[in-house]
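The values are calculated or read from the model by the stated rules, or taken from the named source; none is laboratory data. Keep in mind that this is a model prediction, so the values were computed, not measured. Neighbour counts run over all protein chains shown; Cβ positions are idealised from the backbone, glycine included. Please note that ligands, DNA and RNA were not included when accessible areas were found on the heavy atoms of the full protein model with its side chains. Shrake-Rupley method; radii C 1.70, N 1.55, O 1.52, S 1.80 Å.
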Amino acid sequence: MKKILYLECYAGISGDMTVAALLDLGVDRNLIDRAVESIRPLVSGFDVVIKRVQKAGIDACDFDVVLDSAHENHDHDMAYLHGHDHGNTDGGAHDHGHVHAEHSHVHGDGHHDHGQEAHHHHVHRGMAEITEILKNAKLTDSARELALRIFEILAAAEAKAHNKPVSEVHFHEVGAVDSIVDIMSAAVCMDAIKEKYRITDVVISELYEGHGSVRCQHGILPVPVPATAKIMETYGLPVHFMEQQGEFVTPTGAAIAAAVRTRDKLPQKFKVAALGIGAGKRNYEKASLLRAMILEELSEKKDVIYKLESNIDDCSGEAFGYLTQRLFDAGARDVFYTPVYMKKNRPAYQLNVICDRENISILEQIIFDETTTIGVRRVEMERTVLSREKRAADTSLGKLAVKVCGGRIYPEYESLAAVCREKGIPYLDTYNRVYAELNQERQRNRKISTVVFDLDGTLLDTLEDLKNAVNYALDFCAMPKRTLDEVRRFVGNGVKKLMIRAVPDGEDNPDFEKAFDAFKQYYGEHCNDTTRAYDGIPELLETLKNSGYTLAIVSNKIDSAVQDLNNRYFPQVDVAIGDREHLQRKPHPDSVNLALKELGKIREEAVYIGDSDVDLATARNAGLPCISVLWGFRDREFLVEQGAETFVEQPMEIVDVLKQMNL
């Protein structure tokens, strides 16, 4: 299962926010402490404080590089950043929001105009000095490489923004103490997170940036500042400008995003395995929070193929036969023809060619060369595929080429056909014999690890509430009421089928919809009046769960009701599937197949448990063995007539049956 690190930059990104978010994901702070202590001989005047803070009521991690007075650079001085009391010559009050002013500023050699900061003794470090610091730091090789990469991105951006060679760029704020510690710590954390979670990709969201301007070393600059804008441009980082004023994306944050991003989009389906939140230093209307998530990709393997098609009404069968062979020789995955009628009622064939993208041009040219068509339609198609492997296997007929797919082993046609021709034996009988040989070990080793339950009549006793709702609706429409035994016989195919059976003349009754609406309203309000889990069911589910089984529920009830009942009564169940728009109802196997897919199981590992003829048919259609319970809506005699073979009278008997099936 692929694991992805996702940085959600909906309130911007900065160096310290990144470090804090990754620490909150579980990075060992001792790794940072070790790295920080190792650079103190070359970088001094700071302490690192890691603490919990509240931002907009949200608990978050805060990573703070605290500078002494000699190294203070106004990175978090709102008055300085907004132009107050620091030599602001225009006299205006600049209300520019700011998140961590980690700006780098280029200075030509010998020219260091610090303006109001001339009384501080900042060290101007270039790439050579930065490289020396990182070379002496206690870092893994990959963390050191990443830290250097981030600084290189910043240096290149500054050089382009100020039209200076990279060799002449000297960092001021970014080369300052807090920025060195931020970038090095971010590299340490990123390296540790990748190792801890086995990260395969890093996805960065759109960078949400403010607008307006911010005070930097060289005066008031527009947001995003030149270095940030240049990084966004160079690396194609997606950006979204917000209505809020202020700088939310710092050059260091943009450089980190550019350095670590490996993938543009999130997978279509995933689950969040871990979450970390890092806090910024400014309090704005939009809280400066960076979320880091570990995502586990859940989507099945997919690939994209193309279909080429053309309707042709004036080619001979010989031409089509020759065309087919040429297309296969040129790389087509499949070629087939469909009879169609074209304009003027002309019988024709639709040519269909399945191919990979790289073969489209040559295959289209073959179609134009070998047929009379004047056009080819092209369709991109996504498909879901099982993993496949080709190999050789020993059989009673000798060594054969086989294909392993979805846990099954199939003999390859050409290999088996050659043996049949050589020995003069029928192909079909030989195929069945060889298939059984190849898969007998798999069948012998199969273990039931998943139990799929029906809901009503199997886990839940809902009969009394259903009877009350039916009789409320019938009485509301002046129709005769039904007994409990009658309702017992009517259930099993969903509530609409229940009411069709309960209402005289079913759907042909002019008051059927009125009765059905009354039933749904009453049952929605009273579905849990007497409904309860059958005696012994909670203990059964707990025992199965503790024994390592995965559990699922499939039902023809509407999905929202199934989810509510599952949450209320059966917390042990892993997946619950109710009636959904895109699923066919039981006894069609759609709901069972979806449950197995969500659990990551195959049918050979599963058993179905139910109480009715519908459940028996569902199990057969899904290819699962079925255990029939005798405490539900149908009796043994009826179930035997429907083909039931395995019965239990008490819930805990299921445990013994499963043990026997796994012997």
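Okay, here's what the table says:
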| read-out | value |
| --- | --- |
| Helix 251-260 axis, angle to the chain major axis (alpha carbon atoms, nearest 10°) | 40 |
| Karplus-derived 3J(HN,Hα), 6.51/-1.76/1.60, for each residue of region 596-603, Hz, glycine and proline x | 5, 5, 5, 7, x, 10, 10, 5 |
| Apportionment of accessible area to carbon and sulfur, the chain, percent (1.4 Å) | 48 |
| Relative packing of peptides 453-460, 260-267, 152-159 - highest average C-beta neighbours within 10 Å first | 453-460, 152-159, 260-267 |
| Ordering of 646-654, 368-376 by burial proxy (mean other Cβ atoms within 10 Å per residue, highest first) | 646-654, 368-376 |
| In region 503-630, lysine pairs closer than 28 Å at Cα, eight or more apart or cross-chain | 13 |
| For region 280-332 and region 449-474, distance of Cα centres in Å | 43 |
| Pairwise Cα inverse-distance average, inverted: Kirkwood Rh of region 527-663 (Å) | 15.5 |
| Sequence-separation-based contact order of the chain, relative, with Cα cut under 8 Å and 6+ spacing, percent | 12 |
| Contact order normalised by residue count of region 234-391, Cα under 8 Å, 6+ apart, percent | 23 |
| Rounded if a/c under 1.5, otherwise prolate or oblate - region 273-430, Cα gyration tensor axes | oblate |
| Local electrostatic count, Leu275, Cβ distance below 13 Å [Lys/Arg +1, Asp/Glu -1] | -2 |
| Length-normalised contact order of region 556-663 in % [C-alpha pairs under 8 Å, at least 6 apart] | 18 |
| Out-of-range pairs (alpha-carbon distance over 29 Å; input Lys2/Lys55; Lys265/Lys307; Lys307/Lys344; Lys271/Lys447) | Lys2/Lys55 |
| Per residue accessible area of the chain, 1.4 Å probe, in Å² | 48 |
| Alpha-carbon centroid distance for the pair region 205-263 / region 491-542, whole angstrom | 59 |
| Peptides 513-524, 621-632, 474-485 ordered by average Cβ neighbours within 10 Å, highest first | 621-632, 513-524, 474-485 |
| Gyration tensor verdict on region 214-349 (Cα atoms; rounded if a/c is under 1.5, prolate if a/b is larger than b/c, oblate otherwise) | prolate |
| Rg over Rh [alpha-carbon atoms, Kirkwood Rh] for region 372-474 | 1.32 |
| 0 to 90° range, to nearest 10: angle between helix 613-622 axis and the chain longest Cα axis | 60 |
| Total formal charge among the other residues, if their Cβ is under 14 angstrom from that of Lys307, Lys/Arg +1 and Asp/Glu -1 | -2 |
| Within-14-Å neighbourhood charge of Glu513 [Cβ basis; K, R +1; D, E -1] | -2 |
